1. Can you tell me the length gained on complete extension of the stretch residue 11 to residue 61, counting 0.36 nm per residue apart and subtracting the Cα distance?
2. Using a simple spin-label model with points 7 Å from Cα along the Cα→Cβ vector, what separation in nm is obtained for residue 120 and residue 247?
3. Report the per residue volume, in Å³, of the convex hull enclosing the C-alpha atoms of region 43-139.
4. Over the chain, with a Gaussian network built from C-alpha contacts below 10 Å, which listed residue (84, 38, 226) shows the highest mean-square fluctuation?
5. Could you pull out which residues in region 139-162 have an amide N less than 18 Å from a spot 7 Å beyond the Cα of residue 35, following the Cα-Cβ vector?
6. Put +1 on the Cβ of each Lys and Arg and -1 on the Cβ of each Asp and Glu in the chain; which of 101, 194, 157 then has its Cα farthest toward the positive end of the dipole?
7. Ignoring everything except DSSP H segments at least 4 long, calculate the 222 nm mean residue ellipticity for the chain; use -39,500 (n - 2.57) per segment, divide by total residues, nearest 500.
8. For the chain, modelled as a Gaussian network with Cα springs under 10 Å, which listed residue fluctuates most, 211, 230, 20?
Amino acid sequence: MRLAHRFDGPEEAPLLVLSNSLGTTMRLWEPQLAAFTSGFRVLRHDHPGHGGSPVPDDPVSVEEIASAVLELIDDERFSFCGLSLGGMVGMCLAAAVPERVETLTLCCTGAKLGTGEEWAERAAMVRAEGTAALVDRSRERWFTPAFRDSATARSYLDELLAIDREGYARCCEALAGFDFRDRLGEIEAPTLVLVGEEDPVTPPEVVETLNEGIPNTETVVVPHASHLANVEQPDAVAAAVLQEVRS
């Protein structure tokens, strides 16, 4: 599996890997890029069928996405920050190569989100109608009422419209098959759990599962933020992540 990607920041700096949510591209992390590249070499990537990554011919799993991300990195240690689907990729990496993951930030994510049936239904809907069918729902879930009519929010919803329907559906099916609850104990890296205060995707029981299952966690709630917390509160998220990766 080939993933579109890019590196930014000083070549000699420690590596920070960033992974996006479903329905977004590596542009998701632009609000934090200047802060992160001040002290890190940053790797961003697009999920299968998103942005510049080709649409996969075959079904994909979150574990396979994680393996494809690992192929982009030389044999070096790295810190990882992922949002939603990106956080799930990070869980897989932290369990697969614990000796290489220095810190892990799980932003607005869970060891399992939704049910297989719900993801299968969404995949079928997008294949039939395209991602335009998701814009209104995503607007409500991604952003708080105070932010969702902003030009910034609209720009991310416009990006969702451009996501290939088959690529989006393949990633929905990857999410349908993902359940990491019984493997959280394999994560050895110090882990920051970032939660949007108003995020409907990650209710308290989802966050509690992460905190109870991962041996070394800290939770930070981001006020006035929903699912795309880093877009809505860029400075607060950047500060929390940098404190984690520099500790």
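Quick note: the coordinates plus some simple rules give every number you see, no bench work behind them. The structure displayed is predicted, hence computed values, not measured ones. A quick note on method: Cβ atoms are made from the backbone with ideal geometry, for glycine too, and the neighbour counts reach across all protein chains shown.
1. 14.9 nm
2. Once both label points are built, they end up 4.1 nm from each other.
3. Values: hull volume 11.7 nm³, N = 97.
Roughly 121 Å³ of hull volume per residue.
4. 38
5. The answer is 144, 152-153, whose backbone nitrogens lie closer than 18 Å to the label point.
6. It is 157, whose Cα lies furthest towards the positive end.
7. Here the helix-only value at 222 nm equals -12000 deg cm²/dmol.
8. Taking springs between Cα atoms under 10 Å, the residue moving most is 211.
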